[in-house]
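One structure is given below, encoded as structure tokens.
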Amino acid sequence: MPSTSPALRIEVRGAEAAEPAVAPALRFLLHLDADAPIRALTLATQVRIDATGRGYDEHARERLAELFGRPESWARNLSSLLWTQTVTHVPAFAGSTTTQISVPCTYDFDVAAAKYLHGLPDGEVPLRFLFTGTVFYLDEERLQAAHLPWDTEADFRMPVEVWRELMDRHFPRTAWIRLERDTFDRLYAHRVRHTLLGWDDAVRSLLETSGG
């Protein structure tokens, strides 16, 4: 058995919709290689959107202006965004194994990651996976524990279409916004006052009045 902790390499090899799922979530597929047998692994993952890792045309810059400002300020404002953090327990393996992490997805536009993902018209989402955790292994028949090196990470470019198809499946032709109670009450009063059939009609009438 090794006298030092096993070296571990992690790759992200795919992304797909988590099924079955009541709430929208993506499942990322991980491939792990170790140079010695692993008795168990507690894997903490921070998933970040590396916004500087792709280009943006004029249309995308307009859609992302709320996050990064006007195009002339992008050089100083474009930055990495935290998407999520998760913990996965990997059972014993020797050589290599596969596992998966599940990332909940939201259409809440108060969440920066949701704004970014919605704002991309096409292409790929540059993701960075930062791994920490504890590796359990045997050293001369004694169970040992070691922390993953701080620089254990992986990059993955997820097609925008993967996220878009997930949202379309759970929220077909809809998007969600959160309103303060008094704003909702005023919108509801506007809908009743003008005998509008639905919320879309109420918002459209306000947009048409404002010229939006």
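The values are calculated or read from the model by the stated rules, or taken from the named source; none is laboratory data. From a predicted model like this one, the values you see are computed outputs, not experimental measurements. Cβ sites come from the backbone with ideal geometry, for glycine too, and all protein chains shown count toward neighbours.
Let me confirm something: among 154, 175, which residue is closer than 21 Å to residue 27 by Cβ, small (Gly, Ala, Ser) and touching a residue at least 40 places away in the same chain (Cβ under 8 Å)?
Working: 175 fails: closer than 21 Å to residue 27 by Cβ.
Criteria check complete, one pass: 154.
Taking the range 36-69 on its own, how many of its residues are part of a strand (DSSP E or B) and within 18 Å of the chain's Cα centre (by Cα)?
The total comes to 7.
In this structure, does residue 72 turn out to be of a type outside the set (Phe, Trp, Tyr), closer than 16 Å to residue 115 by Cα and assigned to a helix (DSSP H, G or I)?
Numbers: of a type outside the set (Phe, Trp, Tyr): yes; closer than 16 Å to residue 115 by Cα: no; assigned to a helix (DSSP H, G or I): yes.
Here the answer is no, as residue 72 does not meet what is asked.
Residues in the range 19-35 that are touching a Pro at 6+ places or on another chain (Cβ under 8 Å) and either assigned to a helix (DSSP H, G or I) or more than 19 Å from residue 151 (Cα to Cα) (or both): how many? Full working, then the answer.
Pass one, the range 19-35, residues touching a Pro at 6+ places or on another chain (Cβ under 8 Å): 23-25, 34-35.
Retained after the next criterion (residues that are either assigned to a helix (DSSP H, G or I) or more than 19 Å from residue 151 (Cα to Cα) (or both)): 23-25.
Total meeting the criteria: 3.
Does residue 169 satisfy the criteria of being surrounded by 15 or more Cβ atoms within 10 Å (Cβ to Cβ) and either on the phi < 0 side of the Ramachandran plot or modelled with pLDDT of 90 or more (or both)?
no
The rows are residues; the columns are (1) closer than 16 Å to residue 126 by Cβ; (2) in contact with a Phe, Trp or Tyr (Cβ under 6 Å, 6 or more places away or on another chain); (3) buried (at least 16 other Cβ atoms within 10 Å of the Cβ); (4) not basic (Lys, Arg).
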| position | (1), (2), (3), (4) |
| --- | --- |
| 69 | no, no, no, yes |
| 73 | no, no, no, yes |
| 76 | no, no, no, no |
| 79 | yes, no, no, yes |
| 88 | no, no, yes, yes |
| 93 | no, no, yes, yes |
| 97 | no, no, yes, yes |
| 103 | yes, no, yes, yes |
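How do the pairs read when you match residues in the range 35-52 that are farther than 14 Å from residue 112 by Cβ with residues anywhere that are small (Gly, Ala, Ser) and in a strand (DSSP E or B), using Cβ under 7 Å and keeping only pairs 6 or more apart or on different chains?
41/133; 42/133; 43/133; 44/133
Confirm whether residue 38 is surrounded by 15 or more Cβ atoms within 10 Å (Cβ to Cβ) and out of contact with any Leu (no Cβ under 7 Å at 6 or more places or on another chain).
So residue 38 fits the description; yes.
Given the residues 59, 118, 31, which is the only one that is modelled with pLDDT of 95 or more and either within 22 Å of residue 131 (Cβ to Cβ) or not small (Gly, Ala, Ser) (or both)? Walk me through how you get there before you give the answer.
Working: 59 fails: modelled with pLDDT of 95 or more; 118 fails: modelled with pLDDT of 95 or more.
Being modelled with pLDDT of 95 or more and either within 22 Å of residue 131 (Cβ to Cβ) or not small (Gly, Ala, Ser) (or both) holds for just one of 59, 118, 31, which is 31.
Can you tell me which residue within the range 112-165, out of those that are outside any helix (DSSP H, G or I) and basic (Lys, Arg), is surrounded by the fewest Cβ atoms within 10 Å (Cβ to Cβ)?
The residue in question is 142.
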